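The values are calculated or read from the model by the stated rules, or taken from the named source; none is laboratory data. These numbers were taken from a predicted model, which means no experiment stands behind them. Because the Cβ atoms are built from the backbone with ideal geometry, glycine has one as well, and the counts that use them run over all protein chains shown. For the accessible areas, the whole protein counts, side chains as well, though only heavy atoms, and no ligand, DNA or RNA atoms are used. Shrake-Rupley method; radii C 1.70, N 1.55, O 1.52, S 1.80 Å.
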Amino acid sequence: MMTLIAIFFPWLSFLLRGKIFTAIICLILQITLIGWIPAAIWAVISLQNSRADKRNDKLIRAMKAK
């Protein structure tokens, strides 16, 4: 669901994840039709990186618990 939001409403994807300043910059970029495509790509990549960071943190905590 978040991936679809990141594609169609890139600024909202950042805003929902608590990145207000980034959401404002993305909204300014998305206002132009040409800037919408890079904004969507930026939002999707950022979302994937965020998910990867959460997975890595979970793995590190699991390894430290052993």
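Brief remarks follow.
- Nearest-ten-degree value, helix 33-65 long axis tilted from longest Cα axis of the chain: 10 degrees
- Its DSSP H runs of at least 4 residues, each contributing -39,500 (n - 2.57), put the calculated 222 nm mean residue ellipticity of the chain at -29000 deg cm²/dmol, to the nearest 500.
- Per residue value of the accessible surface for the chain (all protein chains in place, 1.4 Å probe), Å²: 76 Å²
- Crossing angle, helix 20-31 versus the chain [Cα axis fit, 0-90 degrees, rounded to tens]: 40 degrees
- Across the accessible surface of the chain, with the other protein chains kept in place and a 1.4 Å probe, carbon and sulfur atoms take up 74 percent.
- Extreme residue, positive dipole direction of the chain, given options 52, 29, 42 (C-beta unit charges): 52
- The rule of thumb for compact globular proteins, 2.2 N^0.38 Å, goes into the C-alpha radius of gyration of the chain 1.32 times.
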